(Lines give C-alpha, C1' and ligand atoms only; values in the text may rest on other atoms or scores of the structure.)
Protein backbone atom coordinates (compact mmCIF):
# COMPACT_ATOMS: atom_id res chain seq x y z
CA UNK A 1 0.00 0.00 0.00
CA UNK A 2 2.84 2.42 0.84
CA UNK A 3 4.38 1.91 -2.61
CA UNK A 4 1.05 2.73 -4.22
CA UNK A 5 0.58 5.87 -2.13
CA UNK A 6 4.12 6.97 -3.01
CA UNK A 7 3.41 6.88 -6.75
CA UNK A 8 3.67 10.28 -8.38
CA UNK A 9 0.03 10.86 -9.38
CA UNK A 10 -1.95 8.95 -6.77
CA UNK A 11 -2.54 11.88 -4.44
CA UNK A 12 -3.72 14.02 -7.36
CA UNK A 13 -6.20 11.33 -8.40
CA UNK A 14 -7.57 10.84 -4.90
CA UNK A 15 -7.80 14.60 -4.31
CA UNK A 16 -9.80 15.23 -7.49
CA UNK A 17 -12.13 12.31 -6.80
CA UNK A 18 -12.79 13.56 -3.29
CA UNK A 19 -13.59 17.04 -4.62
CA UNK A 20 -15.75 15.97 -7.55
CA UNK A 21 -17.29 12.79 -6.05
CA UNK A 22 -17.42 10.90 -9.37
CA UNK A 23 -15.65 11.42 -12.67
CA UNK A 24 -15.16 9.40 -15.81
CA UNK A 25 -11.71 8.58 -17.11
CA UNK A 26 -11.36 11.49 -19.55
CA UNK A 27 -12.47 14.00 -16.92
CA UNK A 28 -9.83 12.76 -14.50
CA UNK A 29 -7.17 12.97 -17.20
CA UNK A 30 -8.25 16.47 -18.21
CA UNK A 31 -8.48 17.78 -14.62
CA UNK A 32 -5.17 16.33 -13.47
CA UNK A 33 -3.05 16.54 -16.62
CA UNK A 34 -1.98 12.91 -16.17
CA UNK A 35 -1.38 11.09 -19.45
CA UNK A 36 -3.84 8.31 -20.18
CA UNK A 37 -1.32 5.46 -19.92
CA UNK A 38 -0.17 6.42 -16.44
CA UNK A 39 -3.70 7.27 -15.36
CA UNK A 40 -5.03 3.91 -16.48
CA UNK A 41 -2.29 2.07 -14.57
CA UNK A 42 -2.79 4.13 -11.42
CA UNK A 43 -6.58 3.84 -11.47
CA UNK A 44 -6.36 0.08 -11.89
CA UNK A 45 -3.99 -0.21 -8.95
CA UNK A 46 -6.20 2.05 -6.83
CA UNK A 47 -9.25 0.00 -7.79
CA UNK A 48 -7.67 -3.36 -6.93
CA UNK A 49 -6.48 -2.01 -3.56
CA UNK A 50 -9.99 -0.72 -2.82
CA UNK A 51 -9.15 3.00 -2.78
CA UNK A 52 -11.48 3.83 -5.67
CA UNK A 53 -14.61 2.21 -7.03
CA UNK A 54 -15.76 2.18 -10.62
CA UNK A 55 -18.94 1.69 -12.55
CA UNK A 56 -19.67 1.49 -16.27
CA UNK A 57 -22.39 3.33 -18.09
CA UNK A 58 -23.26 1.81 -21.43
CA UNK A 59 -23.77 4.14 -24.34
CA UNK A 60 -25.32 2.66 -27.46
CA UNK A 61 -22.95 4.06 -30.09
CA UNK A 62 -19.74 4.53 -28.11
CA UNK A 63 -17.64 2.57 -25.70
CA UNK A 64 -19.05 2.55 -22.17
CA UNK A 65 -17.95 5.38 -19.91
CA UNK A 66 -16.21 4.18 -16.78
CA UNK A 67 -16.84 6.39 -13.76
CA UNK A 68 -14.54 6.43 -10.74
CA UNK A 69 -15.19 7.56 -7.20
CA UNK A 70 -13.17 7.52 -4.00
CA UNK A 71 -14.01 4.91 -1.35
CA UNK A 72 -13.84 5.30 2.41
CA UNK A 73 -10.46 3.56 2.30
CA UNK A 74 -9.33 6.10 -0.30
CA UNK A 75 -10.40 8.91 2.03
CA UNK A 76 -8.38 7.28 4.80
CA UNK A 77 -5.40 7.26 2.44
CA UNK A 78 -5.85 10.98 1.84
CA UNK A 79 -5.66 11.54 5.58
CA UNK A 80 -2.23 9.87 5.53
CA UNK A 81 -1.03 12.51 3.06
CA UNK A 82 -2.42 15.21 5.35
CA UNK A 83 -0.60 13.69 8.32
CA UNK A 84 2.66 13.70 6.35
CA UNK A 85 2.09 17.37 5.46
CA UNK A 86 1.64 18.17 9.16
CA UNK A 87 4.81 16.29 10.08
CA UNK A 88 6.75 18.23 7.48
CA UNK A 89 5.41 21.51 8.86
CA UNK A 90 6.37 20.50 12.40
CA UNK A 91 9.85 19.48 11.30
CA UNK A 92 11.13 23.05 11.54
CA UNK A 93 13.47 21.91 14.33
CA UNK A 94 14.96 19.12 12.20
CA UNK A 95 17.73 21.48 11.13
CA UNK A 96 18.93 21.59 14.74
CA UNK A 97 20.11 18.00 14.37
CA UNK A 98 22.40 19.05 11.55
CA UNK A 99 20.18 17.37 9.00
CA UNK A 100 19.89 18.74 5.51
CA UNK A 101 18.56 17.20 2.35
CA UNK A 102 22.07 16.14 1.35
CA UNK A 103 23.27 14.86 4.72
CA UNK A 104 22.21 11.22 4.54
CA UNK A 105 25.26 10.09 6.50
CA UNK A 106 24.24 12.26 9.45
CA UNK A 107 20.66 11.04 9.18
CA UNK A 108 21.80 7.40 9.12
CA UNK A 109 23.97 8.05 12.16
CA UNK A 110 21.04 9.51 14.12
CA UNK A 111 18.77 6.60 13.17
CA UNK A 112 21.40 3.97 13.99
CA UNK A 113 22.16 5.56 17.35
CA UNK A 114 18.50 5.17 18.35
CA UNK A 115 18.43 1.40 17.71
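The values are calculated or read from the model by the stated rules, or taken from the named source; none is laboratory data. Just so it is clear, the structure is predicted and the values come from calculations on it, not from any experiment. Positions of Cβ are backbone-derived with ideal geometry, glycine not excepted, and every protein chain shown enters the neighbour counts.
Structure notes:
- When region 1-26 is filtered for residues that are crowded, with 16+ Cβ neighbours inside 10 Å and either free of Cβ contacts under 8 Å to residues at least 12 places away in the same chain or under 11 Å from residue 68 (Cα atoms) (or both), the ones remaining, listed by number, are 13, 14, 16, 17, 23, 24, 25.
To keep it simple, each residue is scored yes or no on (1) within 18 Å of the chain's Cα centre (by Cα); (2) under 21 Å from residue 5 (Cα atoms); (3) at pLDDT 85 or above; (4) assigned to a strand (DSSP E or B).
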position	(1), (2), (3), (4)
61	no, no, no, no
69	yes, yes, yes, yes
76	yes, yes, yes, no
88	yes, yes, no, no
94	no, no, no, no
99	no, no, no, no
102	no, no, no, no
106	no, no, no, no
